[in-house]
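These notes concern the structure reproduced below.
The values are calculated or read from the model by the stated rules, or taken from the named source; none is laboratory data. Keep in mind that this is a model prediction, so the values were computed, not measured. For neighbour counting, all protein chains shown are included, and Cβ atoms are generated from backbone atoms with ideal geometry for every residue, glycine included. What goes into the accessible areas is simple: the full protein's heavy atoms, side chains included, and nothing from ligands, DNA or RNA. Shrake-Rupley method; radii C 1.70, N 1.55, O 1.52, S 1.80 Å.
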Amino acid sequence: MKLKSLIFAALLAGSYQAMAQEISLIPQPEEMKETTGKKFVFKSKMKVAADTYPGDSIEWVFENFEKEITPATGIRFKNSSPKKADICLVLNKKLGNEAYTLNITDRNITIEAARPAGFHYALTTLKQLMPAEVFSATAVKSITEWSVPLVSITDEPEFGWRGFMLDEGRHFFGKEVVKQVIDMMALYKMNRFHWHLTEDQGWRIEIKKYPKLTETGAWRNSKGLGWGDHKPDGQHYGGFYSQDDIREIVKYAQERFIEIVPEIDIPGHSQAAVASYPELLACDPENKHEVWLWQGVSTDVINVAKPEAVQFAKDVIDEISDLFPFGYIHLGGDECPTTKWEQNDACKKLLSEIGSENFRDLQIHFYKQLQDHIAGKESSKQKRLIFWNEVLHGNTAPLGTDITIMAWVGANAAAKDAAQRGMETILSPQIPYYINRKQSNLPTEPMSQGNGSETVEAVYAYQPMNGVPENLQSKYKGVQANFWTEWVCEADTVEYLMLPRLAAVAEAGWTPQAKRNYTDFENRLQSQQKIYELKDWCYGKHVFQKK
Ligand code: ACM
């Protein structure tokens, strides 16, 4: 090669390196200052100094980071004194629980945080600052020098709740898919995986005391769900998570600072449970009950006036509380028809005993007994209950204000109602945060709900706190995207519909509204395509096509 072409090639390589080093963080940090023209270069052996911390130690957080980046980079880390360290992890008790600072000079990297979570998020940012190839699961030969641009970041999430819900009641995807969903959430610093584990169409978690829930309730005779003229297909279909599977997934989520919020949707959306134990749970045990083969809202709800049904719910809660070492249990509460209760003598009698004429109050009475049961547990097993916003149609006074309302239908008004009643609330508006809905109107879009108007831009445009009165703002705990699977039978479709819209919801949860801007987000989003490709995730490719 002639000298001129050599210089040109070097320039090209340089500009490629500059492009690769472009800063494209999602979610956008609260504050970031850049020093252009210089970089921090990783050595193959790096020295790390971490302050000590009890419990989930800072060293453990760093080891998890090392496990993630070493396969691609080959970089190894060893402990050293702070003076000699290339990377220093320093406790700073003044910062918030999930906050961090990340300061990168050409000599070293300093991270400060008050809690392991803050260090974890700082390291997540550091990984995003590296060339995208860091996300490769195998050694990357094309990069000989791993570096990051010089930045100084001060960051803290806007909301403590940055959630994603997956419905596995309608369709069951299995452990590896759940771990992949957790990986997607972790990439974007989301911290609550809401796992919708029970439905009319399937019960997906082993409960030792009630084995028929999974022997019977986890299986049905149709993979696709019937809808209108679209009949059930007769295929034997189903699956469930053993308690060992649950423990494995809990550990996987914990390593990524994601709490799992298990949802046992009772007393509505419970036909699979009713079909498993009609003698304990059905309003009409004399009739035939089967795991539902159709979409929609089943009227075959649990008979809340039966002491056996209340005991069943308490027993399930006991096993769930032991399996999930986190602070919340979601008991559903959405779309619970009262038609069978209205025809049932025991329900009518109970309604009159509690002095109400609103059958919805039977549901609240049921929950009250479960809440009291949980309150009787030792302090480490206490759980806060979450409900969908339809419970607000009943008299919620017996439940007090220590519950959380997840607002989906008429979300803004429902959240405000909950906050005015003194309850905490989470915004998961059906439009546009149900990211199982079609994400475009392209003919290639998979069968799902909606007409394609919930584009990534529409999802991004939702402003959680818009119009929320100042005196209620402290009740708003965060945002959540939901993924229902009535139409979605395959994991590839789940991935496709999630990406890149999950990133848009994550940014609403993390980045202050004043710093959110779609054009800027769209530019930063471009860097994500390479990550999705390296991870082999399906995603909305149309979003990345040049306009
Ligand atoms: C819901 O979408 N039924 C919560």
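Pairs of alpha carbons in the chain separated by more than 37 Å make up 35% of all such pairs. For segment 158-167, 3J(HN,Hα) computed residue by residue from phi via the Karplus equation (6.51, -1.76, 1.60; θ = phi - 60°) reads 5, 10, x, 10, 10, x, 9, 10, 10, 8 Hz, glycine and proline entered as x. Relative contact order, whole percent, for segment 312-396 stands at 46, derived from Cα pairs under 8 Å and 6 or more residues apart. In summary, the convex hull built on the alpha carbon positions of segment 237-310 has an orientation-averaged projected area of 6.6 nm². Solvent-accessible area of segment 247-377 (1.4 angstrom probe, protein heavy atoms only): carbon and sulfur portion equals 49 percent. Over segment 477-535, all Cα pairs binned in 5 Å intervals from 0 give whole-percent P(r) values of 4, 14, 24, 21, 19, 13, 5, 1, listed from short to long. For the chain, the solvent-accessible area of protein heavy atoms averages 42 Å² per residue (probe radius 1.4 Å; ligands and nucleic acids excluded). Measuring max minus min along each principal axis, the C-alpha atoms of segment 308-406 give extents of 39, 27, 21 Å (largest first).
Relative to one another, the C-alpha centroids of segment 231-249 and segment 471-543 are positioned 26 Å apart.
If the Kirkwood radius is taken over C-alpha pairs of segment 166-250, then at 20 °C and 1.002 mPa s the Stokes-Einstein diffusion coefficient equals 154 µm²/s. Gyration tensor analysis over the Cα atoms of segment 234-372 returns equivalent ellipsoid semi-axes of 29, 19, 12 Å (largest first, whole Å). Put simply, when 226-237, 451-462, 376-387 are sorted by average Cβ atoms within 10 angstrom per residue, most first, you get 451-462, 376-387, 226-237. Cβ-Cβ distance of Ile354 and Glu22, R₀ of 51 Å, FRET efficiency by 1/(1 + (r/R0)^6): the value works out to about 0.25. Computed 3J(HN,Hα) for segment 222-231, one whole-Hz value per residue from the Karplus formula 6.51 cos²θ - 1.76 cosθ + 1.60 where θ = phi - 60°, is 5, 7, x, 8, x, 7, x, 7, 7, 7, glycine and proline marked x. Extension gain for Glu286 to Ile75 (0.36 nm times residue separation, less C-alpha to C-alpha distance): 69.4 nm. Between Met32 and Asp183, full extension at 0.36 nm per residue minus the direct alpha carbon distance yields a gain of 51.9 nm. Give me the orientation-averaged projected area of the Cα convex hull of segment 415-547, in nm², one decimal. That works out to 9.0 nm², a quarter of the Cα hull's surface. Ranked by the mean number of other Cβ atoms within 10 Å per residue, highest first, peptides 272-281, 75-84 order as 272-281, 75-84. Surface composition of segment 420-465: carbon plus sulfur atoms hold 50% of the accessible area, using a 1.4 angstrom probe and ignoring ligands, DNA and RNA. Relative contact order, whole percent, for segment 47-187 stands at 23, derived from Cα pairs under 8 Å and 6 or more residues apart. Coupling constants for segment 467-482 follow from the phi torsions by the Karplus curve (6.51 cos²θ - 1.76 cosθ + 1.60, θ = phi - 60°), and in residue order they are x, 7, x, 4, 6, 9, 4, 5, 7, 8, 8, x, 10, 8, 8, 10 Hz; glycine and proline get x. Shape analysis of segment 355-420 based on the Cα gyration tensor places the equivalent ellipsoid semi-axes at 21, 16, 8 Å, largest first.
With the convex hull drawn around the C-alpha atoms of segment 467-509, the volume per residue stands at 96 Å³.
Considering only C-alpha atoms, what is the centroid distance from segment 407-429 to segment 119-186, in Å? Taking the Cα centre of each part, segment 407-429 and segment 119-186 sit 29 Å apart.
Would you please give the residues with an amide H less than 5 Å from that of Asp265, counting only those at least 5 places away or on a separate chain, with H modeled from the backbone geometry? Excluding prolines and chain starts, which carry no amide H, the hits are Leu197, Thr198.
Averaging the sequence gap over all C-alpha pairs within less than 8 Å and six or more residues apart, then dividing by the number of residues, gives the chain a relative contact order of 14 percent.
Distance from the C-alpha centroid of segment 271-293 to that of segment 308-369: 16 Å, rounded to the whole angstrom.
Given segment 70-218 reduced to its alpha-carbon atoms as identical point scatterers, what log10 I(q)/I(0) does the Debye formula return at q = 0.13, 0.18, 0.20 Å⁻¹? Values returned for q = 0.13, 0.18, 0.20 Å⁻¹ are -0.77, -1.10, -1.24.
For the chain, the Cβ-based charge dipole about the Cα centre amounts to some 2360 debye (Lys, Arg positive; Asp, Glu negative; other atoms uncharged).
Rolling a 1.4 Å probe across all protein chains gives Met447 an accessible area of roughly 110 Å².
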